[in-house]
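What follows is a single structure, written as structure tokens, with notes after it.
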Amino acid sequence: MKRSNYFIKTYFDDPVDEVSKNAKLLHRAGFTNRLMSGVYSFLPLGVKVLCKIENIVRKEMNNLGAQECLLPALQPRQIWDRTNRWEEMDDILFKFKGAGDRELTLGPTHEEVVTSVIADIIQSHKDLPVLMYQIQTKFRNETRAKSGILRGREFKMKDLYSFHSSQDELDKFYKKVVVAYKNIFDEIGIGKSTFLTVADGGAFSKVSHEFQTVTPAGEDKIYKDENSGIAINEEIIDNEEVLKEFIPHYKIGDNKKYKSVNATEVGNIFKLSTKFSKPLKGTFKAEDGQEKNVIMGCYGIGISRLMGTVVECLADKKGLNWPLNIAPFHIYLIGINADDTTKEIYNNLISNGIEVLLDDRTVSIGNKLNEAELLGLPFRVVVSEKTLARGKSFVEVQTRDDMKIEIIEVNTLIKNIKNKLTNDEGDRYEL
């Protein structure tokens, strides 16, 4: 893609009404544009990143055997009344009236909707398990939308729902989801700073599990157990009975040794049991002929929040720094007094499946170099008299992650990128 044809507007200064790193840099680099507090437009560069994150998530969900669906955002009050959440979640629901004064909400989550679908369709234990997920926009009337796209009123989310005939079946699938989530976080570049975190299960169960990424921008506090690699949410750090049950090799008093760090929640998983299937009449006929309620689990990942978290964790003073797997383009290409050779190299890269942003604008070289750093593409490639002195196939390559520069042949660069895209998926987890 040529820079002159791409819809990008970059800015030298931070927006005056943003505080968080992700909000400032995504605006300055032309990835997002704020409409109002907690509501952002994702521009072409931002959409490319979101789509790549979605596809990584989608791949892991499909590997679990889950099937993608799309549930309605517009939801009637009556299904929320049946679970008592119309009033319980009053503080975050967008409530309004439609035609005929029918009371409606925009979905902040989809347990009621998906369980209603299951109640209509499932009849026998032979129909189970059912594993369904979607990637969709959610709406939550946050009183204090803050931290850019880390906490918004409108955001993109993947939610997976599983329906089982027994608790044992749910428990086994739950463990598989933990593995899938770890794979996702590894592949998008935040695996080493993301911890499986024991948290309060609320009305659903004794505990739930969150995936918390350590970052100064995080609004949560977690306590890390370096020995197990598990963390504990601040809300249950003093509940030693729970800690002893869920932290391997835990000894009374160990919680005093754990280090407190700021973190942001990028995913959560719950064992819901019959919390929703019972009031919404999601039943099935068991092998013994008895009518039973479906056992349920739910598993969320914030897609847009992941994007913001990557920025918070990896960006530096110069700008964004995208991992190769989710970068909007792989290469930022600049030619200096070498237009014909630059075009040849551009076409060679494109024909080999490499995503390239060619800065063909008539602006200063300094402007181009600064924008390359701001946009944070994994590789900046320069064609110049210096590289041409080595031969027409040589280019100067700077790796954005460590800012190291070397002069190499284009075919070597192509091979390196292809190998990295194929093989670099982080430390893969297996059961």
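With contacts defined as alpha carbon pairs under 8 Å and 6 or more residues apart, what's the relative contact order of the chain in percent?
The value is 17 percent.
What is the Cα radius of gyration of the range 329-423 over 2.2 N^0.38 Å, N being its residue count?
For the range 329-423, the normalised Cα radius of gyration comes out at 0.98.
Mind checking the angle between helix 410-423 and the chain's longest principal axis? C-alpha axes, 0 to 90 degrees, to the nearest 10.
For 410-423 against the chain, the angle is about 10 degrees.
Quick one: net charge around residue 136, please, counting Lys, Arg +1 and Asp, Glu -1 for every other residue with C-beta under 9 Å from its C-beta.
+2
If you fit an axis through the alpha-carbon atoms of helix 167-187 and take the longest principal axis of the Cα set of the chain, what angle between them do you get, 0 to 90°, nearest 10?
10
How about the range 187-246: which GluC sites (Glu not before Pro) there are in a DSSP loop, with at most 15 other Cβ atoms within 10 Å of their Cβ?
On the way: sites: 187, 210, 219, 226, 234, 235, 240, 241, 245; in loops: 219, 226.
When the GluC sites (Glu not before Pro) of the range 187-246 are filtered for loop state and at most 15 Cβ neighbours within 10 Å, 219, 226 remain.
Using a Debye calculation, one point per C-alpha and no hydration shell, please list log10 I(q)/I(0) for the range 273-431 at q = 0.09, 0.11, 0.14, 0.19 Å⁻¹ in order.
For the range 273-431 at q = 0.09, 0.11, 0.14, 0.19 Å⁻¹, log10 I(q)/I(0) is -0.45, -0.56, -0.75, -1.20.
List, in the order given, every pair from 146/317; 126/175; 257/318; 138/275; 256/317; 138/182 whose Cα-Cα distance in the structure shown is over 29 Å. Could the numbers behind the result be given before it?
Working: 146/317 21 Å; 126/175 22 Å; 257/318 37 Å; 138/275 21 Å; 256/317 35 Å; 138/182 23 Å.
Beyond 29 Å between Cα atoms: 257/318; 256/317.
Measure nothing fancy, just the Cα-based angle from helix 111-121's long axis to the longest principal axis of the chain, in degrees from 0 to 90, nearest 10.
70
For the chain, what is the per residue volume of the convex hull drawn over the alpha-carbon atoms, in cubic angstrom?
168
Could you give me the ³J(HN,Hα) list for the range 10-21, computed from phi with Karplus coefficients 6.51, -1.76, 1.60 and θ = phi - 60°, whole Hz, x at Gly and Pro?
9, 10, 7, 9, 5, x, 6, 9, 10, 10, 6, 4
Where a number appears in this text, it was derived from the coordinates with a stated rule and is not lab data. This structure is a prediction, so every number in the text was calculated from the model and none was measured. So basically every Cβ, Gly included, is an ideal-geometry build from the backbone, and we count neighbours across all protein chains shown.
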